[in-house]
1. Please tell me the relative contact order of region 3-111 in percent, rounded to the nearest whole number, where contacts are Cα pairs under 8 Å and at least six residues apart.
2. When each pair of different Cα atoms in region 92-177 is counted once in the 1/r mean, what is the Kirkwood radius in angstroms, to one decimal?
3. So if we plug the beta-carbon distance of residue 122 and residue 155 into 1/(1 + (r/R0)^6) with R0 = 30 Å, what FRET efficiency do we get, rounded to 0.05?
4. May I ask you to derive the relative contact order of the chain, considering only C-alpha pairs under 8 Å and at least 6 residues apart, and to give it as an integer percent?
5. Roughly how far apart, in whole Å, are the Cα centres of region 1-52 and region 67-95?
6. What is the Cα coordinate range of region 3-189 on the first, second and third principal axes, sorted by size from largest, in whole angstrom?
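Since every read-out is calculated from the coordinates, none of them should be taken as a lab result. The structure displayed is predicted, hence computed values, not measured ones. Note: ideal-geometry Cβ built from the backbone for every residue, glycine included; neighbour counts use all protein chains shown.
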């Protein structure tokens, strides 16, 4: 059984469902859309239906280097313009995408998107602890552990490092969306939320 395709498909379903639900949180919507798009291409690639590894790799780079920092913006500045206004969310996303392309592809520093993703997760974790937002802490921990297992190439039996990455990011997104879409107390002053 091809677990990479299954778990990438699961991540795609979770990320795209959250993107659909996050109508008033532009940064969460765009971040989840990028992650979901990369996961869709991953599911197609690993199932053999769309063997375009370069396209999947490029979109995965943007999912990590742009999508996860957009999630961090949602947590850090839930009432900020990047979080609430689609135009500013896209401007922020395009700037990060340009940085990723220039540094990772042109300059050959392929670690940059991973470092941006790691910085975003650590920022969410720190803010979650300070604000006592335990769903954010749980989401950040899921994503952090997933990234560490992927980087260390941890595998068990048939499960590869990518499997742990996909499941951990999906679990983190579920917890993060529960916080972002249901914490009416926190978002009430900005008039946003589900």
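1. Details: 142 pairs, mean separation 28.7, N = 109.
It rounds to 26 percent for region 3-111.
2. Working: mean 1/r = 0.0722 Å⁻¹.
One decimal place: 13.9 Å for the Kirkwood radius.
3. Values: r = 24 Å, r/R0 = 0.82.
Working from the Cβ atoms, E equals 0.75.
4. On the way: 304 pairs, mean separation 46.3, N = 194.
Contact order relative to length: 24 percent.
5. 19
6. That works out to 47, 35, 27 Å along the principal axes.
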